[in-house]
Amino acid sequence: MDCLLCHRQIRESWPLGFLMLPQKKRVTTTCSDCLAAFHKIDREMSCEGCGRQQNSRKLCQDCLKWQAKTTYDFSNRALFQYDEAMKTYMHDYKFQGNYQLRHVFDVTFSHFIGMQTEVDFLVALPIDRQTWQTRGFNQVTGLLTELSTTDLLVMDRQKKEKRQSQKKRRERLKTSNHFQIDVECPEQIKNKRILLLDDVYTTGRTLRHASETLYAAGCRKVDSVTLCR
Ligand SMILES: [Zn+2]
Ligand SMILES: [Zn+2]
């Protein structure tokens, strides 16, 4: 098979960090040279609020600000650093719409999600209709294999706004909450523990909006896992 990123034939096996995966799940889609460009986050050296790579487990400046203005409990864990290599990957996957590229990380990301404990529902963040029309796929569910997620949230489709990625950081932070609960029986999520799944944690605003909506609906605990931070 040819590497999904550099298109050269793959001859070698996965680098050490990826060998933790069960044998049968180790499908080689990407060569070790390309994979070496991405950097995993060391949990012991990451912010315990957002999962950002740093020098300790202390809350980072962004999370301290969130802590000051929110009352609910929320934290994110991320697998990879959102560095240049990851930004290029995300650009090609999401904005060029190369759906095949989901296979660069789907097994690794799904395995990471599977290791999280005390979860009742896995919820992939939904995308709005405009994004569906231009992209044609949900980039989050594309990154999942053999995990069953539950659609508890919808985006408010009345409001037409610029896509998140086109906004400046300050604009993004101001965005109002467009998530709504979409379940037939609201009782089914009362007191449940939710793990939100997203591709990138940037400002944290989107995930926190989703968690606020779920807490307001009676969920007991809402946290998130993202591919990168
Ligand atoms: Zn390659
Ligand atoms: Zn943080």
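The values are calculated or read from the model by the stated rules, or taken from the named source; none is laboratory data. The model shown is predicted, which means the values in this text are computed figures rather than measured ones. The area values use the complete protein model at the heavy-atom level, side chains included, leaving out ligands, DNA and RNA. Shrake-Rupley method; radii C 1.70, N 1.55, O 1.52, S 1.80 Å.
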SASA check, residue 89, accessible area w/ 1.4 Å probe, all protein chains in place, rounded to nearest 10 Å², comes out at 10
Partner aspartates and glutamates whose C-alpha sits under 18 Å from that of residue 87, ignoring same-chain residues fewer than 8 away, are 33, 106, 198, 199
